Structure formats: C-alpha cells, structure tokens
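The values are calculated or read from the model by the stated rules, or taken from the named source; none is laboratory data. Just so we're clear, the structure is a prediction, and the values are computed from it rather than from any experiment. Neighbour counts run over all protein chains shown; Cβ positions are idealised from the backbone, glycine included. These area figures cover heavy atoms from the full protein model, side chains too; ligands, DNA and RNA do not enter into them. Shrake-Rupley method; radii C 1.70, N 1.55, O 1.52, S 1.80 Å.
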Amino acid sequence: MINKIITYYKKLDKTTYKILYKGLEFCLILALISASILFIYMLFLKTPFLYYIGINLFRLSLVFSVEFIICGFVVDNIKKQLI
C-alpha cells in the first residue's frame, strides 16, 4: 500500500508537484511557528492564551498538510483523466 502511494507520488504532474511541495513547505513553517510559540509558553510565559494559540496553529498546520496531499492527488488524477 505504501509503495503504491510512493510510486503515485513520483508520477505527479510537474505543476501539481510544485504546488504540493510549496504547500507542504508552508505547513512546515506553520508547524515551526507553533512549536516556537509553545516553546516560549513552556519557558517564559505561562498564559493559557499562548498555549491555545500554539496548539491551534499546530492543528491548523496538520490539517493543511493533509488537505494539500489529498487535493494534490485528486487534482493530478482529474488532470490525467481530462487529457
């Protein structure tokens, strides 16, 4: 199953691959920002507001990364069927 996903990922269209790659970079940046916010919460400020911002930003980065992966595969599949 995993080998099938990897081979499908390698056969993506160039533009779809670029969009997927940039989207995952964006999600990684969001995750790093949320990790730094949570690190600041741990070391310096113990306010619940900062904790909730960090956790929600991390959740958002995970949801966006899953959406980018799924939408990238779907768009590539639609492109290949139309051409």
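Residue check: is Ile78 loosely packed, with under 13 Cβ neighbours inside 10 Å and part of a helix (DSSP H, G or I)?
Yes, satisfied.
Would you call Ile70 surrounded by 14 or more Cβ atoms within 10 Å (Cβ to Cβ) and at pLDDT 90 or above?
Judged against the criteria, Ile70 is not a match.
With Leu20, Leu38 as the choices, which residue is of a type outside the set (Gly, Ala, Ser) and in contact (Cβ under 8 Å) with a residue 24 or more places away in the chain?
Unique residue meeting the criteria: Leu20.
Pairs only if they're at least six apart or on different chains, beta carbon under 7 angstrom, first in segment 43-55 and assigned to a loop (DSSP other than H, G, I, E, B), second not basic (Lys, Arg); list them, first residue then second.
none
Among the listed residues Leu28, Leu12, which satisfies the condition of being under 20 Å from the mean Cα position of the chain (by Cα) and either closer than 12 Å to Phe73 by Cα or acidic (Asp, Glu) (or both)?
The conditions single out Leu12.
Considering each residue of segment 1-34, count those that are hydrophobic (A, V, I, L, M, F, W, C) and open to solvent by 70 Å² or more (accessible area, probe 1.4 Å), and give that number.
Residues meeting the conditions: 10.
Kindly list, by first and then second residue, each pair from a residue in segment 67-83 that is in contact (Cβ under 8 Å) with a residue 60 or more places away in the chain to a residue that is in a helix (DSSP H, G or I) and open to solvent by 90 Å² or more (accessible area, probe 1.4 Å), limited to pairs with Cβ atoms under 7 Å and residues at least 6 apart or on different chains.
Gly72/Ile19
Inside segment 35-65, can you point out the residues that are among the hydrophobic types (A, V, I, L, M, F, W, C), open to solvent by less than 80 Å² (accessible area, probe 1.4 Å) and within 24 Å of Asp13 (Cα to Cα)?
Val63, Phe64
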